[in-house]
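The values are calculated or read from the model by the stated rules, or taken from the named source; none is laboratory data. Because the structure is predicted, anything quoted here is derived from the model rather than measured. Please note: Cβ atoms are built from the backbone with ideal geometry, for glycine as well, and neighbour counts cover all protein chains shown. The protein model used for the area step is the full one, side chains on, heavy atoms only, and it has no ligands, DNA or RNA in it. Shrake-Rupley method; radii C 1.70, N 1.55, O 1.52, S 1.80 Å.
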Amino acid sequence: MNQYRRKHQDSHARQIIIVLVVLLCALIFITRLFFLQVLNDSYKDNADSNAFLKKTIYPARGLIYDRNNNLIVSNQPVYDVMLIMREMVDFDTLGFCNTLNITKAEFDDRIKDIKNKRKNPGYSRYTPQVFMSQISTSSYGLLQEKMFRFPGVLTQQRVLRKYSMPHGAHALGNVGEVSQKQIDEDSYYVRGDYKGQSGVEKTYENELRGEKGVEILLRDVHGRIKGKYMDGAKDINPVSGKNLTMGLDMELQRYGELLMNGKMGSIVAIEPSTGEILALVSSPSYDPALLVGRERSANYARLLKDKKRPLFDRPVMAQYPPGSTFKLVQALIFQEEGIINANTAFPCKRGYYYTKTRKMGCHEHKSPLDLAGSIQHSCNAYYGYALRDFLDLNLDKYGSTDNAYNVWRNYVMSMGFGLPLGIDFPNEKGGTIYKSTTYDKIYGKNRWKSSTIISTSIGQGEILATPIQIANLAALIANKGYFYTPHIIKKIEGGEIDEKYRTKHVVDIKEKHFDVVQYGMELAVKKGTARFGQIDSLVFCGKTGTAQNPHGEDHSIFMGFAPKENPQIAIAVYVENSGFGATWAVPIASLMIEKYLHGSISAKRLHIEKRMMESVIEPKAKESEKK
Amino acid sequence: MRRNENILKMLDWWTIGLYLVLIFIGWCTIYAACYDYDNAEIFNFSANHGKQIIWISTALILGAIILTIDSKFYSNIAYLFYVLMIILLIATIFLATDTKGSHSWLNFGAFKIQPAEFAKYATCLCLSAFLSKSQIDLRRNKDLMLAMGIILLPALIIIAQSETGSALVFFSFFILLFREGMNGMILILGVFAIVFFILVLRYNNLPDAVVGVDVPELLGFILVFAIAVITALIFLRIYTKDKTCMLTFLGINIGIYAVGIILANFIPAVKTWYFAALSIGVSIIFLFIWGMVMHRQTYLLISAFLMFSIALSGSADYAFNKILAPHQQIRIKIVLGLEDDPQGAGYNVRQSQIAIGSGGLTGKGYLNGTQTKLNYVPEQDTDFIFCTIAEEWGFIGSTLFIIIYATLMLRLIFLAERQRSAFSRIYGYGILCIFLFHFFINLGMVTGITPVIGIPLPLISYGGSSLWGFTLLLFTFIRLDANRMEVLQAR
């Protein structure tokens, strides 16, 4: 009995041990699961990166219209041909090659490249691989018809920019793949994204690009897509980019580019009452479509190498001495400062002797001239005298030449010179207006006077300005005392254009001083330096200029506005290496004005148009530099 | 007639209920694991979840048939069945076609059967019949050897079929032997063997990546020897209560270690493991002499334990490298953290842990698991099925699942203990062992605490052979239990 009991107790102990073993097992796993599932968060991220393919849905980029609501830039679909190697069974290789218009050898090479792990690190037999990128819509149509014969082939749509005309490349700018630097700067972008790289596309990138959407797809272990996560409940829809309307008149732009054909230079036209840029011609130009799609990088490299620098955005980047156009600035400042008035006259003996022996030359015209006459005939001497009176002979008023110069400089700066205007355009240059301290550094304090810097009086020497600054000057004079910062934008869909383009910049010069200047400019067109530019039945104002060019033939400049009453267009035309302003810049500007205001060119001036469009001016070095 | 009326009342509906709950959970999980976003049809018999409906239906019929068979039948056929099974197992080695390197599947047209699955059943019945004989006493070495023979014979044949995973299940019968009177020390030594094996593998060859601090050379040996000496001291305390011996023993070892640590610190050429070896060596000799002097076998046995420790740790590397197949070696290395190969051999384990871990506290919801559904977890409806449960139901759900499973196992112990017939009791413990082993290894491998051994989670994993096998095991026991009032089953 005792033995039976002991045996029973022993069995019972063993039973308890086994029960404990079972409980211990359960406890081990519950603890382990607690660590895996509750305490450790990293598995969740691992799982998400395993299973979720976050596919970006690209929004349609905003469209761009011109001021007359013509669609200028739109989107066109192109197609990448993709292959899934694993599914390519019974593949009609020859038919496929014929459809895409490639040879069997090219096909084989491409397949080899795809499978090359070094060239294509993301290769997998299960996922689509790019076989051929950006085929045209017509090839796509052909392929689509025969798709059933090519198992494993699929296409992926991409959107590229499409231009309605081969003009306005500089103004419109282009869209290109983001660089690593741009990715680092803005986390919105990832590799392979597109971004506006110049022109309007760049400035208004944020408006045009819209907001990317995300589609969360489920990806299996082989990389195959198995549907949408939660039926798309967590997807984010893309927001289309905003459409833009530009102030640009594409017809005028096109016309300007045709007139500049074969020449280098710029045309900037501005609507004075708003500051909207009507035309922004940089010549030589190129077809914006060149920088789209597969050929983009090859074409870009070619344009970059071109000696005539077609990629250089001359209207906003080229800085020239403004030449005689700058006399208008001087006339306004000297009047306001009381140095001269409408009746002040200075003699001109084919120039202005600022020392006994040194002369700033001038051309043949009657003498003496009053202010309007000095503008009409572009007399250099007049401005030499006036500058001398201002800087050297008014010391009781200003105290010193330095002070007088600074008064002058403030006026000039207020007219939009010396600093970039702040247009809605990338890479704008500001030109140069020296500070008095800069002259102090060069010549020494109080060791310079009007004669030292005499060439600034006629817009040469140290003064540099861009064509758009000169066009802006024309607008300022047209408005008799104010301007709006020039801008290319007219309307943003569902938004307002930047405050700064709606702000009037008023220059501290009385309106009556503008009247004299305008009168002088009117005379210049009627019977002065710009008389080749006359348009029947139109009274308009203009001023020629010649920018001295140390590297070659002088640049021809014209600036003006039309009509004189209620001006609609202010314009600056630069033709490089073409010599005196009247020869090329004047007719081109006048044709632009006529085109814009009348819509067409009068019959008797068509020969001028023809000559302008057909003539070619090659840049040539000065005789002296040729050697 | 009366007996048939009674049997329904006598059936243990708790166990049947748990069985039904588990196969239901199993089917739902298989459905979730095979769930295709495009094809969610339930009765799709080409998909595994559809086929499982067939397996479940047939398993239920099988269970019902088993319940109608007279309970004496099982004890009567036990030996015969065992012998036939051994013959079938041997035949299978030659008849089976090569399936991923293993020769364990017999093809009958469209059907495939793995005899090893049923060998467990035969062995369990045979052991029950053998151990329930009144003259058998596992305290006797001869009887113990016979019992071990019954267990190891099919295991060895199955190893010869290259199905090591299935063969390991047979070792779980040692728990049964323990319940039936085998000396517990054997199990304890077994546990020591495993611990020593792991320590030597883990700490003798620490890869550079794992080592953060300076560790002594052959750290594995040092740990094993130290643990063995401490264990010997505990044995002395329990089995001899000889204070003089214990104090001397302790003094000698502390002395050796103290000198060793000081010397190793000052002389770089002197390694710590020299003194660990010296300590265990001196301990063996000391206990041997003490035993001879005192004329007591206990000291000699403890001395033998220490020798066993040295032999085991010395041969661990050899056994690991020469006996285990390369894929087994790497699985063990991965679970020990000696190797990290998330793309290769470690892929399964890594992905299953991601799936489980990503379930979080509450899970992603039924049919919302991403890792299992998108095939990141391999064998997701068979061996790794627990991942789907854990991913979709989270910590709360999987804990509940473990509780249900543990409840079934505890219920089996309860049932076994209430048997009046030794045959039924032993059989009950036999199937408990099988369930426990599968449960432990399967969950262990998916959670990364045991090496990957490809065995299914009973009643949950997809597969006909497995479901039939476990139904057979369980319902036989339920049938035996229904007859528990008939005392004279065998003994």
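Taking first residues from segment B:328-345 that are within 19 Å of B:Ala167 (Cα to Cα) and partners that are at pLDDT 75 or above, the Cβ contacts under 6 Å between residues at least 6 apart in sequence or on separate chains come to B:Arg331/B:Pro451; B:Arg331/B:Val452; B:Ile332/B:Pro451. Considering the conditions (1) open to solvent by 20 Å² or more (accessible area, probe 1.4 Å); (2) touching a residue at least 12 places away in the same chain (Cβ under 8 Å); (3) in a helix (DSSP H, G or I), B:Leu432 is excluded by exactly one of them, (1). Based on this model, can you work out whether B:Trp290 counts as open to solvent by less than 70 Å² (accessible area, probe 1.4 Å) and free of Cβ contacts under 8 Å to residues at least 60 places away in the same chain? So B:Trp290 passes the test.
Listed here are the residues, each with its yes/no results for (1) out of contact with any strand residue (DSSP E or B) (no Cβ under 9 Å at 6 or more places or on another chain); (2) farther than 30 Å from A:Gly196 by Cα; (3) touching a residue at least 40 places away in the same chain (Cβ under 8 Å); (4) of a type outside the set (A, V, I, L, M).
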residue	(1), (2), (3), (4)
A:Asn46	yes, yes, no, yes
A:Asn70	yes, no, yes, yes
A:Gln76	no, no, yes, yes
A:Arg86	yes, yes, yes, yes
A:Thr93	yes, yes, no, yes
A:Asp109	yes, yes, no, yes
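Just one of the listed residues (B:Leu408, B:Leu412) is crowded, with 24+ Cβ neighbours inside 10 Å and either acidic (Asp, Glu) or within 24 Å of B:Phe118 (Cα to Cα) (or both), and it is B:Leu412. Take the conditions (1) free of Cβ contacts under 8 Å to residues at least 24 places away in the same chain; (2) away from chain A (no Cβ under 14 Å); (3) more than 24 Å from B:Ile194 (Cα to Cα); B:Thr382 misses just one of them, which is (1). On the basis of being facing chain B (nearest Cβ under 9 Å), open to solvent by 30 Å² or more (accessible area, probe 1.4 Å) and assigned to a helix (DSSP H, G or I), does A:Gln9 make the cut? So A:Gln9 does not fit the description; no.
Against the numbered list (1) part of a helix (DSSP H, G or I); (2) at pLDDT 90 or above; (3) open to solvent by less than 10 Å² (accessible area, probe 1.4 Å), A:Asn410 comes up short only at (3). Looking only at residues of segment B:30-57 that are more than 28 Å from the chain's Cα centre (by Cα) and modelled with pLDDT of 90 or more, we find that the one that is nearest to the other protein chains (Cβ to nearest Cβ) is B:Ile53. Of the residues making up segment A:370-399, those that are modelled with pLDDT under 90 and among the aliphatic types (A, V, I, L, M) are A:Leu391, A:Leu393, A:Leu395. Selection over segment B:413-423 of residues that are out of contact with any Gly (no Cβ under 6 Å at 6 or more places or on another chain) and either within 14 Å of B:Asp12 (Cα to Cα) or at the interface with another protein chain (Cβ under 10 Å from one of its Cβ atoms) (or both) gives a count of 5. Taking strands (runs of 3 or more DSSP E) as the structural unit, those lying wholly within segment A:160-265 and holding at least 1 residues that are open to solvent by 20 Å² or more (accessible area, probe 1.4 Å) and under 30 Å from B:Thr372 (Cβ atoms) correspond to A:213-219, A:225-228.
Does B:Ile402 meet the test of being aliphatic (A, V, I, L, M) and free of Cβ contacts under 8 Å to residues at least 60 places away in the same chain?
In short, yes.
Only residues that are touching a strand residue (DSSP E or B) at 6+ places or on another chain (Cβ under 7 Å), closer than 25 Å to A:Leu53 by Cβ and away from every other protein chain (no Cβ under 14 Å) were counted across segment A:231-245, and they come to 5. What's the total number of residues in segment A:135-159 that are touching a Gly at 6+ places or on another chain (Cβ under 8 Å) and either of a type in the set (Val, Ile, Thr) or crowded, with 19+ Cβ neighbours inside 10 Å (or both)? Within segment A:135-159, residues that are touching a Gly at 6+ places or on another chain (Cβ under 8 Å) and either of a type in the set (Val, Ile, Thr) or crowded, with 19+ Cβ neighbours inside 10 Å (or both) number 1. Residues in segment B:394-405 that are under 17 Å from B:Ser461 (Cβ atoms) and either open to solvent by 10 Å² or more (accessible area, probe 1.4 Å) or more than 9 Å from chain A (Cβ to nearest Cβ) (or both): how many? Within segment B:394-405, residues that are under 17 Å from B:Ser461 (Cβ atoms) and either open to solvent by 10 Å² or more (accessible area, probe 1.4 Å) or more than 9 Å from chain A (Cβ to nearest Cβ) (or both) number 2.
Taking the residues in segment A:17-75 that are open to solvent by 30 Å² or more (accessible area, probe 1.4 Å) and of a type in the set (Gly, Ala, Ser) as candidates, determine which candidate is nearest to B:Leu361 (Cα to Cα). It comes out as A:Ser42.
Taken over segment A:489-548, residues that are under 30 Å from A:Arg209 (Cβ atoms), touching a residue at least 12 places away in the same chain (Cβ under 8 Å) and part of a helix (DSSP H, G or I) amount to 2.
Residue-by-condition table, conditions (1) among the polar types (S, T, N, Q); (2) in contact with a His (Cβ under 8 Å, 6 or more places away or on another chain); (3) open to solvent by 60 Å² or more (accessible area, probe 1.4 Å); (4) over 30 Å from B:Trp105 (Cβ atoms):
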site: B:Ala147; (1), (2), (3), (4): no, no, no, no
site: B:Leu156; (1), (2), (3), (4): no, no, yes, no
site: B:Ile175; (1), (2), (3), (4): no, no, no, no
site: B:Asn183; (1), (2), (3), (4): yes, no, yes, yes
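The criterion of at least 2 residues that are surrounded by fewer than 19 Cβ atoms within 10 Å (Cβ to Cβ) is met by the following helices (runs of 4 or more DSSP H) wholly inside segment A:273-363: A:296-305. Looking for something more than 12 Å from chain A (Cβ to nearest Cβ) and over 26 Å from A:Ile30 (Cα atoms) - is there at least one such residue anywhere in segment B:346-366? No - not one qualifying residue is present in segment B:346-366.
Does any residue of segment A:51-62 turn out to be more than 9 Å from chain B (Cβ to nearest Cβ) and closer than 30 Å to B:Gly444 by Cβ? There is no residue in segment A:51-62 that is more than 9 Å from chain B (Cβ to nearest Cβ) and closer than 30 Å to B:Gly444 by Cβ.
Filtered by the rule that a residue be polar (S, T, N, Q) and either assigned to a helix (DSSP H, G or I) or surrounded by fewer than 17 Cβ atoms within 10 Å (Cβ to Cβ) (or both), segment B:233-262 gives B:Thr244, B:Thr248, B:Asn253. Just one of the listed residues (B:Leu199, B:Leu189, B:Leu223) is modelled with pLDDT of 85 or more, under 16 Å from B:Trp273 (Cα atoms) and open to solvent by 50 Å² or more (accessible area, probe 1.4 Å), and it is B:Leu223.
Listed by first and then second residue, the pairs linking a residue in segment A:210-230 that is more than 11 Å from chain B (Cβ to nearest Cβ) and within 13 Å of A:Ile57 (Cα to Cα) to a residue that is surrounded by 15 or more Cβ atoms within 10 Å (Cβ to Cβ) and among the polar types (S, T, N, Q), with Cβ atoms under 8 Å apart and 6 or more places separating them unless they lie on different chains, are A:Gly210/A:Ser240.
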